[in-house]
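S.K.: Have a look at the structure that comes next, please.
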Amino acid sequence: MGGTLTLAALALWALVIFYAYTVSMPRAQYGVLFIAGAIGVYILNELEDVIADRDYLDAALLLGSLVITIAITVYVNLHFRELYIDRVGYAFPHEYALAAAFLAAIVYLSWRSFGLTFLSILVGALLYGYFGDLIPGILGHSGLSYSRLLLLLALDITGFYGFLTQLVAAWIALFLLYAGLLESYGAFDLIFRGAVRTSKYIDSGVAQTAVVASAVIGSINGSQTANAGMTGSFTIPMMKENGIKPSTAGGIEAVASTTGQVLPPVMGAGAFIMASLLGISYVTVITAGLIPAMIMMVCIILAVHYIASNQLDSIDVDAVLDELEDRTRRDTLVDTVKFIIPFGVLVYTLGVIQLTVMTSALYTAVTMLITGITFPVFQAAYESRSVTAATRETLSDTVAGFRRGAIITAPIAIILAAINGVVDILMTTGVPGILTLSMMDISGGIMLVAVLISMVICILLGLGMPTTAAYTVVALLVAPTLVSRFLVPDLAAHFFVFYGAILSGLTPPIATCAAVAAGIANADFVETCYEAIKVAAPLFVLPFSFIYHPVIVSGVLSGGAVFTGLLILLGGISIIHGINYRFGYSKWAQLGTRVAFFVVGVLTMVYPNSTVQYAGAGVIITLFVIQQLATRKVAVGDTINN
């Protein structure tokens, strides 16, 4: 089965690279082939465990889904022009039967990949679309017939084959291939090593390892929950072994993985969808994301320092490094150059000469292949080691990277295909307009109330889904209301819902990211969520800054944007300080100090009046000065008494 999976992965990437290089077919047709390949990879990967567990019912369902997928893919490609152009809106009975079978396969695979929570969304959307005429009140609609649903979801090459599936196929897939190659060639090991070495110079260095490594890796792989499982399997035990409480270790990892989703240049692949939805350049999106990402990283690093430095034991950095593969300085230098060159190609092609996202991703992935294969071989020749052995090992790593990239891509492609179907049903039945009217009625036209309601909706709709899926749902359902009714700038509205959607990974009762981290840490789920929220507190406030200070996500790094960003950063630091710093005061004095730092920090981050912001910054600085004077006074008193 492993060999079959590898062949399927190689075939999928051959299709992706061929299309990116030639663009020799309509994107919609390519999307049909791509989602079939992704489903095939997913099923073959799952079959290994299912057969090993002798779960023959599950195996039969998986194989049935594979047969259905192959059948509809072959049929759609043979009749593509007919379905896509000549007779849109009409199908034959056998085509409806094929589409119904494919719908059942997607429902089953979605449930298998992401559980009952997402299944309830998908089935709920189907029921809402079909039984709309039975629903009273504002949510009611004329209802979509059985045949109309099947046309919408598959036969018109929309729904499961729609723009999200095509976007993953054309833009995101190549970056996930890049992520798979990075992992197989040892980039993540290099990142871990660099982060661990900081432990020599920073008291909280071990915990900062989790923040840096998980955030960087999470930015690429597109799922905070999956990232918590991947990087947390190393960082959480390492933190626990060095004295950090299990719940704290789990909370730090959950926040770090979540933070990675907002880091440019990839932003968990959400940047690509945002650029597509808004019809703006990808460079504009990642430029807009720079200031918020800086604010988040500084605040989280400070919070982790406050929390971890009081729990950590002394760390033997060399012992930790010995747990990783032994590497010389030359190995580290070669690896660093090997990974910097493809990243430089990405920055140059996207940011300087501004090629298309697909072309830039293709050049980046191909460059990674070239450096990943040739550098170890050249190094082996230089060091008089066996070139044949080095070549064999490098080619093995390359195949593993293709396989890993396909395994990462498959579930993301499946859930985005399902989300595309949900979104098309909701758009067809007019749900965005209904949400707009309802939000206006409930909020009374008051922006603050509307954005608070929007944040709750974003967290609820996020449901711990991959970043791209969660963002797409809220971008299409919530953001239009903020733009059309409250005149919020497009980028500000989309960054608001983007940040809001990923918060579901940390917010009970869903908190899938925290749940995964808690499981690895053997910690209580609620305690882990509590620790995560303590670390990520500014993340819950920052989206409101986008609404009231849209200049920081305008896509232009002007002096005003940077200055406003610094004020908001100061507010975030104040929140972190108030929540996590260990004050040496009495209980009530400590409570008052914490509340003061927190409240002034929130006002400085969010309040729309610049005068109030300046005053808030002044109060924060004053509070810091008073705290330092009080601390010195206590220290002097203790010295005299002793």
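The values are calculated or read from the model by the stated rules, or taken from the named source; none is laboratory data. As the structure is a prediction and not an experimental result, all values here were calculated from the model. Cβ: placed from backbone, ideal geometry, glycine included. Neighbour counts: every protein chain shown.
S.K.: Tally up the residues in region 83-112 that are free of Cβ contacts under 8 Å to residues at least 12 places away in the same chain and under 17 Å from residue 71 (Cα atoms), please.
M.R.: Residues flagged as free of Cβ contacts under 8 Å to residues at least 12 places away in the same chain and under 17 Å from residue 71 (Cα atoms) within region 83-112 amount to 4.
S.K.: Only one of these conditions is not met by residue 67: (1) under 19 Å from residue 33 (Cα atoms); (2) in contact (Cβ under 8 Å) with a residue 60 or more places away in the chain. Which number is it?
M.R.: Going through the list (1) under 19 Å from residue 33 (Cα atoms); (2) in contact (Cβ under 8 Å) with a residue 60 or more places away in the chain, residue 67 breaks only (2).
S.K.: Given the residues 566, 570, which is the only one that is of a type in the set (A, V, I, L, M, F, W, C) and surrounded by 18 or more Cβ atoms within 10 Å (Cβ to Cβ)? Even if it seems obvious, please write down each step before you answer.
M.R.: Numbers: 566 fails: surrounded by 18 or more Cβ atoms within 10 Å (Cβ to Cβ).
Every option except 570 fails the conditions.
S.K.: Here are some residues: 144, 150, 181, 190. Which one is hydrophobic (A, V, I, L, M, F, W, C), part of a helix (DSSP H, G or I) and within 29 Å of residue 103 (Cβ to Cβ)?
M.R.: Values: 144 fails: part of a helix (DSSP H, G or I); 181 fails: within 29 Å of residue 103 (Cβ to Cβ); 190 fails: within 29 Å of residue 103 (Cβ to Cβ).
Testing whether each residue is hydrophobic (A, V, I, L, M, F, W, C), part of a helix (DSSP H, G or I) and within 29 Å of residue 103 (Cβ to Cβ) leaves just 150.
S.K.: Going by the structure shown, is residue 83 assigned to a helix (DSSP H, G or I) and within 30 Å of residue 408 (Cα to Cα)? Reasoning before the result, please.
M.R.: On the way: assigned to a helix (DSSP H, G or I): yes; within 30 Å of residue 408 (Cα to Cα): no.
When the stated conditions are applied, residue 83 does not pass them.
Rundown of residues vs (1) within 30 Å of residue 240 (Cβ to Cβ); (2) under 14 Å from the mean Cα position of the chain (by Cα); (3) surrounded by fewer than 20 Cβ atoms within 10 Å (Cβ to Cβ); (4) not acidic (Asp, Glu), yes/no style:
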{"site": "452", "(1), (2), (3), (4)": "no, no, yes, yes"}
{"site": "503", "(1), (2), (3), (4)": "yes, yes, no, yes"}
{"site": "506", "(1), (2), (3), (4)": "yes, yes, no, yes"}
{"site": "513", "(1), (2), (3), (4)": "yes, yes, no, yes"}
{"site": "521", "(1), (2), (3), (4)": "yes, no, no, yes"}
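S.K.: Now a separate question. If I filter region 104-115 for residues that are within 29 Å of the chain's Cα centre (by Cα), in a helix (DSSP H, G or I), of a type in the set (Ser, Thr, Tyr) and modelled with pLDDT under 95, do I get at least one hit?
M.R.: yes
S.K.: Of the residues 11, 52, 60, only one is under 29 Å from the mean Cα position of the chain (by Cα) and surrounded by fewer than 16 Cβ atoms within 10 Å (Cβ to Cβ); which?
M.R.: 11
S.K.: Also, I was wondering about something else. Go through region 86-103 and give me each residue that's part of a helix (DSSP H, G or I), farther than 19 Å from residue 43 by Cα and of a type in the set (Phe, Trp, Tyr).
M.R.: 96
S.K.: Kindly indicate whether any position in region 40-60 is closer than 26 Å to residue 363 by Cβ and modelled with pLDDT of 95 or more.
M.R.: The answer is yes, given that some residue of region 40-60 is closer than 26 Å to residue 363 by Cβ and modelled with pLDDT of 95 or more.
S.K.: In addition: Please verify whether region 471-488 includes one or more residues that are closer than 23 Å to residue 299 by Cβ, of a type in the set (S, T, N, Q), out of contact with any Asp or Glu (no Cβ under 7 Å at 6 or more places or on another chain) and surrounded by 20 or more Cβ atoms within 10 Å (Cβ to Cβ).
M.R.: No, that holds for no residue.
S.K.: I'd like to check which helices (runs of 4 or more DSSP H) are fully inside region 379-465 and have at least 3 residues that are farther than 24 Å from residue 496 by Cα.
M.R.: In region 379-465, 387-428 are the helices (runs of 4 or more DSSP H) which contain 3 or more residues that are farther than 24 Å from residue 496 by Cα.
S.K.: Does residue 151 satisfy the criteria of being under 23 Å from residue 73 (Cα atoms), surrounded by 13 or more Cβ atoms within 10 Å (Cβ to Cβ) and not polar (S, T, N, Q)?
M.R.: yes
S.K.: Another one. Given the conditions (1) under 24 Å from residue 46 (Cβ atoms); (2) within 23 Å of the chain's Cα centre (by Cα), which single one is not true for residue 458?
M.R.: (1)
S.K.: While we're looking at this one, here's another question. Within region 11-26, does at least one residue satisfy the condition of being in contact with a Lys or Arg (Cβ under 6 Å, 6 or more places away or on another chain) and on the phi < 0 side of the Ramachandran plot?
M.R.: Pass one, region 11-26, residues in contact with a Lys or Arg (Cβ under 6 Å, 6 or more places away or on another chain): none.
No, region 11-26 contains no residue that is in contact with a Lys or Arg (Cβ under 6 Å, 6 or more places away or on another chain) and on the phi < 0 side of the Ramachandran plot.
Rundown of residues vs (1) free of Cβ contacts under 8 Å to residues at least 40 places away in the same chain; (2) among the hydroxyl-bearing types (Ser, Thr, Tyr); (3) part of a loop (DSSP other than H, G, I, E, B), yes/no style:
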position: 561; (1), (2), (3): no, no, no
position: 578; (1), (2), (3): yes, no, no
position: 582; (1), (2), (3): no, no, yes
position: 588; (1), (2), (3): yes, no, no
position: 602; (1), (2), (3): no, no, no
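S.K.: I'd like the full set of residues that are within 18 Å of residue 420 (Cβ to Cβ) and among the aliphatic types (A, V, I, L, M), limited to region 128-148.
M.R.: The answer is 144, and nothing else.
S.K.: Residues of region 300-329 being part of a helix (DSSP H, G or I), over 29 Å from the mean Cα position of the chain (by Cα) and either at pLDDT 75 or above or at positive phi (or both), which ones? Give the derivation first.
M.R.: Our first condition is that a residue be part of a helix (DSSP H, G or I); within region 300-329, this holds for 300-308, 317-323, 329.
Applying the additional criterion that residues be over 29 Å from the mean Cα position of the chain (by Cα) yields 317-319, 322, 329.
Scanning region 300-329 gives a single hit, 329.
Results for (1) part of a helix (DSSP H, G or I); (2) modelled with pLDDT of 90 or more; (3) over 20 Å from residue 540 (Cβ atoms); (4) of a type in the set (Asp, Glu), shown as yes or no for each residue.
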{"site": "493", "(1), (2), (3), (4)": "yes, yes, no, no"}
{"site": "497", "(1), (2), (3), (4)": "yes, yes, no, no"}
{"site": "502", "(1), (2), (3), (4)": "yes, no, no, no"}
{"site": "507", "(1), (2), (3), (4)": "no, no, no, no"}
{"site": "510", "(1), (2), (3), (4)": "no, no, no, no"}
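S.K.: Starting from residues that are within 13 Å of residue 16 (Cβ to Cβ) and of a type in the set (Gly, Ala, Ser), keep the ones in region 158-183 and report whichever is surrounded by the fewest Cβ atoms within 10 Å (Cβ to Cβ).
M.R.: 170
S.K.: Follow-up question, since we're still on this one. For region 426-444, which residues satisfy the criterion of being surrounded by fewer than 17 Cβ atoms within 10 Å (Cβ to Cβ) and free of Cβ contacts under 8 Å to residues at least 60 places away in the same chain?
M.R.: Within region 426-444, 427, 433, 440, 441, 442, 444 meet the criteria.
Residue by residue, here is whether (1) assigned by TED's automatic domain parsing to the domain that holds residue 6; (2) within 23 Å of residue 13 (Cα to Cα); (3) in contact with a Leu (Cβ under 9 Å, 6 or more places away or on another chain) holds:
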{"residue": "347", "(1), (2), (3)": "no, yes, no"}
{"residue": "367", "(1), (2), (3)": "no, yes, yes"}
{"residue": "373", "(1), (2), (3)": "no, yes, yes"}
{"residue": "378", "(1), (2), (3)": "no, no, no"}
{"residue": "386", "(1), (2), (3)": "no, no, no"}
{"residue": "392", "(1), (2), (3)": "no, yes, no"}
{"residue": "396", "(1), (2), (3)": "no, yes, no"}
